[in-house]
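The values are calculated or read from the model by the stated rules, or taken from the named source; none is laboratory data. Quantities reported herein were computed from a predicted structural model and do not represent experimental measurements. Glycine also receives a Cβ, built like all others from the backbone with ideal geometry; neighbour counts cover every protein chain displayed. Remember, those area values only see protein heavy atoms, side chains included, never the ligands or the DNA or RNA. Shrake-Rupley method; radii C 1.70, N 1.55, O 1.52, S 1.80 Å.
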Amino acid sequence: MTAMDTFLARLDPEMCVVTAEADGERAGCLVGFSSQCSLDPVRFVVWLSEVNRTFRVARSADVLAVHLLARDRRATAELFGGRTGDRVDKFRQVGWRRGYGGAVVLEDAEAWFVGRVVERVPGGDHVGFVLDPVEWGGREASDAPPLRLADTRTIRPGHPVD
């Protein structure tokens, strides 16, 4: 194990589900790489793997929706992380509604926002989608612990990771 592996093993970020729609196609995936990336104006970046369907749909999308799940929503995480939209219509198995710009907003998210894509940034085997938040919501006063990377380590990816 390298020193970098030791560093990365200590991280336990909150996971999110990112959804996209473009050209009549919907897609969504479980994402472990995301962060606020600007204070003024507020910007958020989500990193999507170039090998998954969500990336292929998102690269043509004007908006993306980013959802934080509670730990007890592991089934949703398994659906969006362990299945590929190339074989399964994930949205037939969850409640969702339309948000700003036609975004797909999941109903069981603890918190969510829709962001207008302002930039796409290459970064290794992922592309960062820099988002300008334009609509948001969530459950009021929820004490539910967030879904974190450690909670999802046993989910086998629905697509190859390399």
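Per-structure values
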| quantity | calculated |
| --- | --- |
| Trypsin sites (Lys or Arg not before Pro) within region 97-162: DSSP coil, no more than 15 neighbouring Cβ in 10 Å | Arg139, Arg153 |
| Extension gain (nm, one decimal) between Glu119 and Arg71, 0.36 nm per residue minus Cα-Cα | 14.2 nm |
| Principal axes of region 118-162: Cα extent on each, largest first, Å | 38, 33, 15 |
| Built amide H within the under 5 Å cut-off of Trp96, gap 5+ | Glu107 |
| Glu21 - accessible surface, heavy atoms, 1.4 Å probe, Å² rounded to 10 | 60 Å² |
| Zero-based 5 Å bins, Cα pair distances in region 41-162, whole percents | 2, 11, 18, 22, 25, 16, 5, 1 |
| Carbon + sulfur, % of accessible area of the chain - ligands and nucleic acids excluded, 1.4 Å | 50 percent |
| Dipole axis of region 71-154 (+1 Lys, Arg; -1 Asp, Glu on Cβ), positive-most option in Leu106, Thr154, Pro122 | Thr154 |
| The chain, dipole about Cα centre (Lys/Arg Cβ +1, Asp/Glu Cβ -1), debye to the nearest 20 | 380 debye |
